[in-house]
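The values are calculated or read from the model by the stated rules, or taken from the named source; none is laboratory data. Source: prediction; values computed, not measured. Please note: Cβ atoms are built from the backbone with ideal geometry, for glycine as well, and neighbour counts cover all protein chains shown. Calculation scope for accessible area: heavy atoms of the full protein, side chains included, ligands and nucleic acids excluded. Shrake-Rupley method; radii C 1.70, N 1.55, O 1.52, S 1.80 Å.
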Amino acid sequence: MRELVGSPGTWGGLVLRAGQCSFAGASIGVMVSAFGFANYTAFCYLIASMGLQLLWSFGLACLDIYALKMRKDLRNPILISLFVVGDWVTAILSFAAACSAAGVVVLFEKDVNFCKRVPGFPCGMFQLSTALAFLSWSLIAASSLVMFWLLGSL
């Protein structure tokens, strides 16, 4: 079978996982540095979801590094099944969190004009954190599809 870009234990897989980690970490960092984020449940959910995403992606990035260093093949049906379930769960949670945070950001920005009325309110930081969460989700969605494809081809 031809190797898919983003397969576990390859350079493509490592790049995908590193991107997921960096975007999730950046999303957390920006949101935590925004004053008053803890007053809104959607933003707290975003941090929790991105934290889970960060841990999952970091663990799999470490596994990719190990597999590359030791020249191990990670295309084992049991391992791929675990990766599929983990990727799909984290992808769904990340998408839900990013969408809920985006809904609150749109509410603040467009619907109630909260960002214009309250000077110093960190709307830009909320927007940036949400955008970074969507970028992290897009990479986990790509990983999820690759893993699902690999599972079907085993």
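Observations, loosely collected:
Residue-by-condition table, conditions (1) assigned to a helix (DSSP H, G or I); (2) buried (at least 21 other Cβ atoms within 10 Å of the Cβ); (3) modelled with pLDDT of 95 or more; (4) out of contact with any Leu (no Cβ under 6 Å at 6 or more places or on another chain):
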site	(1), (2), (3), (4)
2	no, no, no, yes
26	yes, no, yes, no
64	yes, yes, no, no
68	yes, no, no, yes
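- Some residue of region 26-45 being at positive phi and touching a residue at least 40 places away in the same chain (Cβ under 8 Å): yes
- Some residue of region 11-18 being among the small types (Gly, Ala, Ser), crowded, with 20+ Cβ neighbours inside 10 Å, under 25 Å from residue 126 (Cα atoms) and at pLDDT 95 or above: no
- Flag for residue 57 being touching a helix residue (DSSP H, G or I) at 6+ places or on another chain (Cβ under 9 Å), surrounded by 22 or more Cβ atoms within 10 Å (Cβ to Cβ) and either modelled with pLDDT of 95 or more or part of a helix (DSSP H, G or I) (or both): yes
- Yes/no for residue 144 being modelled with pLDDT under 95, open to solvent by less than 50 Å² (accessible area, probe 1.4 Å) and within 19 Å of residue 23 (Cα to Cα): yes
- For region 34-51, the candidate set comprises residues that are within 22 Å of residue 15 (Cα to Cα) and in contact with a helix residue (DSSP H, G or I) (Cβ under 6 Å, 6 or more places away or on another chain); within that set, the residue that is surrounded by the fewest Cβ atoms within 10 Å (Cβ to Cβ) is 49.
- You will find that of 135, 139, the residue that is open to solvent by 70 Å² or more (accessible area, probe 1.4 Å), at negative phi and assigned to a helix (DSSP H, G or I) is 135 and no other.
- Out of 115, 44, sole residue that is among the hydrophobic types (A, V, I, L, M, F, W, C) and closer than 16 Å to residue 134 by Cα: 44
- Residue match in region 116-136 (condition: farther than 27 Å from residue 39 by Cα and of a type in the set (A, V, I, L, M)): no
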